[in-house]
Amino acid sequence: MSGPTFEFIHVEPSSQPPPPTTKGYKKVKWAPYTPADASGMSKPALNPYRVASDIPLDKLRISKAQRAALETLYKQPTVVNDAEGHVDHLFKLDSDDQIHGAAIMAQHGLDLDARENLSNRWSQQWSSNSSKSEPTRRVLYHCECGYDHTWNKSKARHTPLPFTGCLAHAEVTYVVSSQKILRIRGYFQHNQGCKDALFTRIPPIPVHPSVFAVALAQLRDGATFTDVKNKNRELLSARNYHGFPADIRNSPYRWLIETRDSRSLFRQHNRLNGVKITEKPQINIDEWLDPSSPEYNPIIADAIFHYSARASKGERFETCIATDEMRETAWKYGHENQIILDGTFGVCDSRVLLFIVMVVDENKKGIPVAFLLFSPPTGNKQSSAGYNTAILTKLLRAWKDSLTRCAHLYGFEGIVFSPFSAITDTDLKERGALIAVWITIWLLICRFHLRQSWKNYRNKLLKGKGQLKLDLKHRLKRLEDSLVETETIAEARGILTAEMKTLLLLPDSKPVRKALKHIKYLSEYWTTDNLWQSWSNYGRKVAAALLGCHMDGVIPTTNHLESFNGVLKRKHLRRWQNGGRRLRVDVLIRILIIHILPSIFKERRLLREQSLRLAAQIRRLPGGESLVRSHASKPTTPRIAYLLGDDARQQRATDLVNLRQIGMPTFLLDGSGLSFTCYSSEALEVESQPLQYTITILFTGVATCNCTDFRKHGGACKHLRAALIILDHLRSQKFQIPAIPIPQSLADAHTLETQTSPSLEPTASPEDTLQLPTVRAAAAVTDLLGSDESCHDTVSPEEEMAVESDSDNESVDTDASSDSDDSDDDDPDDAPETALQGPQSPP
């Protein structure tokens, strides 16, 4: 029996509500199947299942009346003449059928050239791609006059044509690679209102695809939108775009990128990177982590060691990230070593906090080993305060457990991940969480944040530019310097008691009472057993013993992490942002795992490989081994003075001389030089034992001082400069004092130190101590910390009056001094201010 045969296909009911075209009347679909198809002699362009599919009319944004009309329409059989009803054309891949298909596309304005015309009324509503060996694409078009803008409760109509209830629609199926047409079906009759409709708005004019292709390639390579626009202008001026028309006046495209195109451009950029911008962020994240989802991403799933969706108002969104390289680095540099913990916010458009755990490698570089993301609780008004010890404990414990589970992968099988020490800012919630997770961990407080907290409180109490306030602030600053160097709590409390007694000897005034209040704050809040151990030299000594290194090897600040926060926001994330707008949280998570973190570790590997390669080449040079060792060691500061231009120190030295706070020189016992005694600029005449410094100047040019400024920074402190002023004055009075060749540069100081005092050369530390990852990093940070205001006696009034304020882009550090009661700070002083009087040396 000849003629077409049919395959019976039973369509199982879907769990979702069926589209209107299949509800109630179409339970069985019939698909034509020829004998050649059934015998396998020929392969149909579309298989029977796809032939039996329905047009997805539920994707059309139409009114209820239109939907009812389409239901009635599709109850009728298909027709051959599209003027009489809905049609369904199937095409083979031979040239004759393809010509027929192209003619139908052109007839109804569905071909590419027609759709590029500004007057074209077809709008794409939906598309779907097949995943077969020969990918195909189904596209559903709808007449713009049939688009009902009220379907999503929109009040304004932005479509350039008015709504007329037109039912015209078309579905086109074609081969992606060859663009050959496989099927055209739908209803092509436009109603009379549509035919008569006039444009009410200027139709959207799209950017040419080749312009977008170049722009997307730039964004992929890290260009900003400004870079994209600059290159667009260059290529447009040179007419170098692919497909640029000979006569641009008839082009239906825009070739110049405008600011308004950034949204579409970045949406496509995110789509190419695997983020569905049309979906809510939480849905994307769930699908990436769900093995049963077609959007499942094993790379993201492996990197996220803890995830909790926010299903109700009382819950938090929680996502914790640690890639394989981060886990390996945590074991290498964090286990039985030192870690840094700090938080930040403002990294995405949602109210999400980000806490980062960091370690430091042998090259003094901070490396992030865990990202802890979570949302504040419901009702929280300030994101930076939306966390507590409980949530940090939960996430840190999850990180510890995840590292312990994979310990065997990194050579630590059966070992629980345990850092010996951790450093945080002054936030007690972070400290509480660390203790809860690791009971034996030794906690340190970042000295930078500590001094900022003290400085903020001090400046809050002693506002103003009066000389008495400045003098008191200088004394309090020196007091704070002494406190951090203490090694017993009795010593710290003794320093505070002595300073309080000294201030009580001064005439009573409001600034003095404020200074006493600051000492009370330091004593009652900061000099408790637990806190004192975390910021004093005692705490650093204990940490050094645990880490098996010198005290200088203990990192004193969280600067590595603070610096990384800035690089993350201003460099890594900015390249993905549209005009500086914060990223969606799903975009943030994806680019962190797929792009940013891999690039950080890739750069580390490349730098290490390059360093090893270059070091190997240098070692082959004569004396190269010594060069490599000296380059790896930390440059030393000479222990003798050298004079460089410094107007501020020179002026303070002149003040010391004018106030007679430096005495006349005396000869050393061996006659090799002179010795001076100088009072500290903060010393008071009421003190029974004011602080004094000793300056030694040898006739060979070697000069030293035992003050903190000289010990930390070298050069020539104000006390040394005051001594040189005294010597110049004595020479002018005809005293026979020979010219002393004080070095005038750092190099000269190194040379003189080597020539005159070989014993002063720094002694090399044991090799194993030098190689500890934190030793050189700590030394570098200590030098940076030492350059703070604590080493200088004059601070600008603007700096003194500055009080830190929260920034939406910075740390979530909590200033421990913020709960003080200083409501009377702005009251006028009860007496005129006079400078503090210091002791004088005998003439």
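Rule-based calculations on the coordinates, nothing more; no lab input. This one's a predicted model, so the numbers in the text were calculated from it and none came from an experiment. Note: ideal-geometry Cβ built from the backbone for every residue, glycine included; neighbour counts use all protein chains shown.
For segment 532-610, state which trypsin sites (Lys or Arg not before Pro) are in a DSSP loop and have at most 13 other beta carbons lying within 10 Å of their beta carbon. Mind dumping the intermediate values first?
On the way: sites: 540, 541, 569, 570, 571, 574, 575, 581, 582, 584, 590, 602, 604, 605, 608; in loops: 581, 582, 584.
Listed in order of number, the matching sites are 581.
Which lysines does residue 92 reach when only Cα atoms under 29 Å apart count, and residues fewer than 8 places away in its own chain are ignored?
Qualifying lysines at Cα under 29 Å: 26, 27, 29, 43, 59, 75, 132, 180.
For residue 81, put the label point 7 Å out on the Cα→Cβ axis and report which residues of segment 190-206 keep their amide N under 17 Å from it.
Hits in segment 190-206 for residue 81 at 17 Å: 190.
Could you name the lysines in cross-link range of residue 429, using Cα to Cα under 25 Å and dropping any fewer than eight places away on the same chain?
Result set, ordered by chain and number: 313, 381, 394, 400, 455, 460, 520, 541, 569.
Listed highest first by mean packing, meaning other Cβ atoms within 10 Å per residue, what order do 389-398, 442-451 come in?
Highest-to-lowest ranking by the protection proxy: 442-451, 389-398.
For residue 734, go through the lysines and keep the ones whose alpha-carbon is under 29 Å away, minus same-chain ones fewer than eight residues off.
Cα-Cα hits under 29 Å: 718.
Among rounded, prolate and oblate, which fits segment 148-203 when a ≥ b ≥ c are the square roots of the eigenvalues of its C-alpha gyration tensor, a/c under 1.5 means rounded, and a/b larger than b/c means prolate?
Prolate, because a/c is 1.5 or more and a/b exceeds b/c.
Of 332/364; 463/712; 365/602, which sit over 25 Å apart, Cα to Cα?
As for pairs spanning more than 25 Å Cα to Cα, those are 463/712.
Tell me the net charge near residue 207. Cut-off is 9 Å between Cβ atoms, residue 207 excluded, with +1 for each Lys or Arg and -1 for each Asp or Glu.
-1
What is the local net charge at residue 728, summed over the other residues whose Cβ is closer than 14 Å to its Cβ (Lys, Arg +1; Asp, Glu -1)?
+3
Looking at segment 52-110, which trypsin sites (Lys or Arg not before Pro) are in a loop (DSSP not H, G, I, E or B) and have at most 12 other Cβ atoms within 10 Å?
75
Just to confirm my numbers, what's the Cα centroid distance between segment 457-522 and segment 589-651 in Å?
When both Cα centres are located, 40 Å separates them.
Given a Förster radius of 45 Å and the C-beta distance between residue 609 and residue 404 as r, what FRET efficiency does 1/(1 + (r/R0)^6) yield to the nearest 0.05?
0.90
Skipping prolines and chain starts, which residues have an amide H placed within reach, meaning under 5 Å, of the one on residue 715, given they are 5 or more residues away or on another chain?
Answer set, sorted by chain and number: 642.
Calculate the radius of gyration of the Cα atoms of segment 209-272 to one decimal place, then report Dmax, the largest Cα-Cα distance, as a whole number, both in Å.
Calculated on Cα positions, Rg and Dmax stand at 11.7, 34 Å.
From the backbone phi of segment 437-445, what are the Karplus-calculated ³J(HN,Hα) couplings (6.51 cos²θ - 1.76 cosθ + 1.60, θ = phi - 60°) in whole Hz, Gly and Pro given as x?
8, 10, 4, 8, 5, 9, 9, 10, 9
Pulled fully out, how much extra length does the chain show between residue 149 and residue 250, if you take 0.36 nm times their separation in residues and subtract their Cα-Cα distance?
That works out to 33.3 nm of additional length.
Go through segment 459-468 residue by residue and turn each phi into a ³J(HN,Hα) via Karplus (6.51, -1.76, 1.60, θ = phi - 60°); whole Hz please, and just put x for glycine and proline.
So the J values, rounded to whole Hz, are 5, 5, 6, 9, 6, x, 10, x, 4, 4.
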